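Contents: one structure, followed by commentary.
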Amino acid sequence: MILNIVKLYLDNCCYNRPYDDQSQLRISLETQAKLQIQSTIKEGKIKLVSSYVLLYENSKNPHEIRKRTIYSFIKENIDTFVYADIADKVKEKADAIIETGVKTVDSYHIACAIISKSDYFITTDDRVLKYKTNEIKILDPIQFIKEMEEIL
């Protein structure tokens, strides 16, 4: 039996988790899970999805090294990219998500993930984790690792 390779979209807070205060247990555990996800992506066992929204948000990062490191990882490992040429479609989907109470930028990330047909949206943002849809699974890095242990 051949399994389809899982496609996932990591949001900006997930990419930045390793730079947060690692003395907090939750942050440290999420960092380790996120780094394991990155390793699995590099091994080709998971397909990475990204978007013009993520690159724009990352470009606003005031920490130059962090910004470059995140951009390099995306550039070197991207499988699917949501380009700005479908921004109208993304906005339409994001507007519907915004109506549920999700913040604008988070709604755009989720919309890009859905439009790209990602299987998972990975975030460390508790408010985003509360959003539920049948279109995509939204998990934190630890939940994702637990779920993937069965598949990988």
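The table that follows gives values for the structure above.
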| read-out | value |
| --- | --- |
| Residue among Ile74, Ile70 that alone is at pLDDT 95 or above, in contact with a helix residue (DSSP H, G or I) (Cβ under 6 Å, 6 or more places away or on another chain), in a helix (DSSP H, G or I) and closer than 16 Å to Cys13 by Cβ | Ile70 |
| Filtered residue count, segment 17-38, keeping only those that are touching a Lys or Arg at 6+ places or on another chain (Cβ under 9 Å) and of a type outside the set (A, V, I, L, M, F, W, C) | 6 |
| Qualifying residues in segment 113-146 (those that are assigned to a helix (DSSP H, G or I), in contact (Cβ under 8 Å) with a residue 24 or more places away in the chain and out of contact with any helix residue (DSSP H, G or I) (no Cβ under 7 Å at 6 or more places or on another chain)) - the one most open to solvent (accessible area, probe 1.4 Å) | Arg127 |
| Set Ile86, Ile98, Ile110, Ile65: member being open to solvent by less than 20 Å² (accessible area, probe 1.4 Å), out of contact with any His (no Cβ under 6 Å at 6 or more places or on another chain) and β-branched (Val, Ile, Thr) | Ile110 |
| Flag for Tyr71 being among the aromatic types (Phe, Trp, Tyr) and more than 23 Å from Ile136 (Cα to Cα) | yes |
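The values are calculated or read from the model by the stated rules, or taken from the named source; none is laboratory data. This one's a predicted model, so the numbers in the text were calculated from it and none came from an experiment. Note that each Cβ is placed from the backbone with ideal geometry, even for glycine, and that neighbours are counted across all protein chains shown. The protein model used for the area step is the full one, side chains on, heavy atoms only, and it has no ligands, DNA or RNA in it. Shrake-Rupley method; radii C 1.70, N 1.55, O 1.52, S 1.80 Å.
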